[in-house]
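Rule-based calculations on the coordinates, nothing more; no lab input. Here the structure is a predicted model, which means the values were calculated and not measured. Neighbour counts are summed over all protein chains in view; Cβ atoms, including those assigned to glycine, are modelled from backbone coordinates with ideal geometry.
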Amino acid sequence: MSAARRAVVTGGAGFLGSHLCERLLDTGYSVVCMDNFLTGGPENVAHLIGRRGFRLVECDLTEFVHIPGDVDLVLHFASAASPVDYLKLPLETLKVGGIGTLHALGLAREKGARFVLASTSEVYGDPLQHPQREDYWGNVNPVGPRSVYDEAKRYGEALTTAYRNTHGMDTGIVRIFNTYGPRMRPHDGRAIPTFIRQALNGEPLTVAGDGSQTRSICYVDDTVAGILAMAAARGEPGPINIGNPDEMTVLALAGTIRDLAGSDSEITFVERPENDPAVRRPDTALARDRLGWRPEVPSDRGLRRTVAWFEELFAENREREEAAV
């Protein structure tokens, strides 16, 4: 990739967006990171401040946005992504999925840039097809509590497709499955950071329902590689699943994390959320065939890295608290 190439990452100070910004810089792009810090935080990209070619812009994508100069790539990742966030911020989630996507598409059209939409496995809802292929239309409750996220992403896909068909834009859609890794927030409500936080603090691990529901988890480095493979695949519209087919039950995931953390915490069971999907596993044949991508980090290795990162984070937090006393 040429050093002259320039990317805009919306939601770039979020968990996944920050890793994207970092990888783009490493591969020769200059990067404009846009975020309103509603669920992300400047600390996620603090280590990038001062790097040549990196610019952090605090802005609300649901308002008019303008970036001066040429742009080659727009990666639209601005959105609340965890149930805790989008249930607390339902209107903001819908607005960034609709108005925010419209503005990001407008920016890409103005610049003649390739546009990649971060969609989600949640567009499949509580699926009746397993594993989930890209030609499956999904089983989503449009008036359920999760609909503010699920339908925002489905609308974003429709809007992206309409811009491609109407304006001849070069757009791509990736459907991301259960990404995890360093820089997740301990209290973001998703299973992996919740289990790690509880295990490291000696608290009971709270498993929803009986824990028999399944998830397929993908380490952040693999997810980023898949997204950038899509970005480089000019003319490929997708949608394409980006995830790891390594499926496990939520109960097994809790047990694995407890073991990796060296914890003796008990596992307890809590009420399962409404419309919580019973199964989740991507069919990744399209990603393999069209992008030449497949996940490489085994789940046990990725989880071990993530537990180690949280251990370091908690140790740093304790040191700051002790120093403040």
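Packing-wise, with mean Cβ within 10 Å as the measure, how do 94-102, 175-183 rank, highest first?
175-183, 94-102
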Can you tell me what share of the DSSP beta bridges in the chain is antiparallel? A percent to the nearest 5 is fine. 10
Semi-axes, largest first, in whole Å: what does sqrt of 5 times each Cα gyration tensor eigenvalue give for the range 79-236? 29, 17, 16
Computed lengthening from GLU58 to GLU316, 0.36 nm per intervening residue step minus Cα-Cα distance: 90.2 nm
Which part of the range 1-37 falls in the paramagnetic zone of ALA232, meaning amide N under 17 Å from the point 7 Å along Cα-to-beta-carbon? 1-7, 20-30
Which whole-angstrom value gives the distance between the alpha carbon centres of the range 163-207 and the range 222-251? 13
Report relative contact order for the chain in percent, whole number only (criteria: Cα-Cα under 8 Å, sequence separation at least 6). 16
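I need the shape label for the range 1-97. Rule: rounded when a/c is under 1.5, else prolate if a/b > b/c, else oblate, with a, b, c from the alpha carbon gyration tensor.
Working: a/c = 2.25, a/b = 1.68, b/c = 1.34.
It comes out prolate by the Cα gyration axes.
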Cα atoms only: what Rg and Dmax, in Å, come out for the range 225-278? 17.6, 51
Would you mind checking which residues have amide H under 5 Å from PHE269's amide H? H placed 1.01 Å from N; only 5 or more apart, or other chain. VAL207
Using 7 Å Cα-to-Cβ label points, what is the GLU296/ASN139 separation (nm, one decimal)? 3.6
Over the range 5-72, what is the relative contact order in whole percent, taking alpha-carbon pairs under 8 Å and six or more residues apart? 37
Dividing the alpha-carbon Rg of the range 202-307 by 2.2 N^0.38 Å yields what? 1.25
Angle, helix 250-260 long axis vs. longest principal axis of the chain, Cα atoms, 0 to 90°, nearest 10? 70
Two-decimal Rg/Rh across the range 8-161, once Rg and the Kirkwood Rh are taken from alpha-carbon atoms: 0.98
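Which order do the peptides 8-19, 42-53, 271-282 come out in when sorted by mean C-beta neighbours inside 10 angstrom, highest first? Walk me through the numbers before you get to the answer.
Details: 8-19: 27.3, 42-53: 14.3, 271-282: 16.7.
Those peptides, ordered most packed to least, come out 8-19, 271-282, 42-53.
Mind ranking 113-121, 80-88 by how tightly packed they are, going by the mean number of other C-beta atoms within 10 angstrom, highest first?
113-121, 80-88
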With a Förster radius of 41 Å, plug the Cβ-Cβ distance of ALA285 and ALA324 into 1/(1 + (r/R0)^6) and report the FRET value to the nearest 0.05. 0.20
Along principal axes, Cα extents of the chain, largest first, whole Å: 56, 51, 37
Between helix 191-200 and the chain: long-axis angle, C-alpha atoms, 0 to 90°, nearest 10: 40
How big, on average over all directions, is the shadow cast by the Cα convex hull of the range 86-141, in nm²? 5.0
Nearest 10 degrees is fine. How inclined is helix 15-26 to the longest principal axis of the chain, computing both from alpha carbons? 50
Check: C-alpha center the range 35-87 vs C-alpha center the range 112-147, spacing in Å is 23
Dividing the mean separation of Cα pairs under 8 Å (6+ apart) by the residue count of the range 87-148 yields a relative contact order in percent of 35
Picking from LEU107, THR249, TRP293, whose Cα lies most toward the positive end of the charge dipole for the chain (charges on Cβ: Lys, Arg +1; Asp, Glu -1)? LEU107
